[in-house]
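Taken together, the values in this text are just the output of simple stated rules run on the coordinates, not laboratory data. Since the model is a prediction, treat every value here as computed from it, not as a measurement. All Cβ positions, glycine included, derive from the backbone under ideal geometry; neighbour counts span all protein chains shown.
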Amino acid sequence: MNRRGVCYDVGRVMWGQDWRPQLSPEEARRELQIIRDDLHCNAVRICGQDLGRLMAAGGHALDCGLQVRLSPELRDHSPGDTAGYIAKAADAAEELHRHRPGQVVFSVGSEATLFMAGIVEGTSVFERLERPDFWERIKAGEHNGPLNVFLAEAAERAREVFHGPVTYAPVPPETAEWSRFDFVSVDLYRGAQLKDRSPTCCTATLPSSAPSRSPSPGAAPTGERPMPGAGDSPSPTSPRKTGRAHHRGSTAYTSVTKQSRPASSPRCSRSSMPPG
């Protein structure tokens with residue numbers, strides 16, 4: 001597999017504001033075609049809160065021939081509420097997995113220390129970051145215990161209803177227990193300030209070896225290292241492809257094995273998407 005992809009925002013919600021209040025089915029199809037044909041991607045990470053939009057865009061992307069990394073996001077809610085939301089999203093994603101087995105990777109979250117309530121005190125990401133003791137506690141690793149308690153519950157509930165590969169996308173310096181996941185993923189923001197530190201700044205986040213759990217149906221075969229996905233970062237020893245995120249900032253991800261691109265690209269479907 002040689003995956004090249006970007007992040008595609010179908011409506012992230014923060015501080016009660018939808019970053020993309022309007023998104024028509026035609027617009028989503030056209031943008032996914034641009035991602036495939038003009039950006040030369042064969043994978044896409046779909047991010048947002050509304051499950052109807054996420055699944056509809058995922059269906060469009062699969063019909064375009066793109067591999068889908070589904071990233072449902074519920075920000076600034078408690079771990080319990082977030083795990084419940086992830087379970088509902090995983091249940092809905094199972095239909096996409098049945099539609100295209102092996103082409104859908106489900107993420108139980110991303111950067112939960114910052115964007116979920118309950119690990120660090122604060123009602124928003126900015127309140128958490130502005131706490132006087134924030135960086136001291138982060139450097140001490142106090143966040144990793146409650147983070148992995150949440151990830152254990154979220155992964156377990158997701159696997160009860162979704163039978164494809166599962167991942168989580170941490171931000172350095174989060175340290176996830178990767179044995180419960182099929183893919184290693186990292187959100188790595190690339191920029192001038194970090195150019196001399198990337199990807200070494202996330203060394204602590206990445207495991208020394210691939211996850212040891214038995215892969216789910218559709219996961220990488222035994223003996224093949226699972227591949228970080230669209231919007232994720234490379235390990236320091238892996239070949240790298242860079243893709244610019246649909247939202248602010250850019251990210252990189254690893255290409256591990258090679259797969260030739262089909263000679264002709266399928267047309268995107270005209271399946272329905274919730275209005276607005």
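Tell me the label-point distance for the pair R30, K88, using the 7 Å Cα-to-Cβ offset, in nm and rounded to one decimal.
Those two pseudo-labels are separated by 3.1 nm.
Nearest 0.05, what FRET efficiency do S179 and E142 give at R0 = 22 Å with Cβ-Cβ as r?
E(calc), rounded to 0.05, equals 0.55.
Taking R0 as 35 Å, what FRET efficiency do you get between S78 and R98 from their Cβ-Cβ distance, rounded to the nearest 0.05?
Computed FRET efficiency for S78 and R98: 0.65.
Which order do the peptides 123-136, 94-107 take when ranked by the mean count of other beta-carbon atoms within 10 Å per residue, highest first?
In decreasing order of mean packing, 123-136, 94-107 become 94-107, 123-136.
Please state the equivalent ellipsoid semi-axes for the range 107-181: what are the square roots of 5 times the Cα gyration tensor eigenvalues, largest first, in whole Å?
Ellipsoid half-lengths, sorted descending, are 25, 12, 9 Å.
Output wanted: per-residue J couplings in Hz (rounded whole) for the range 164-170, from phi through Karplus 6.51 cos²θ - 1.76 cosθ + 1.60, θ = phi - 60°, x for Gly and Pro.
Karplus values, whole Hz, x for Gly and Pro: x, x, 10, 9, 9, 10, x.
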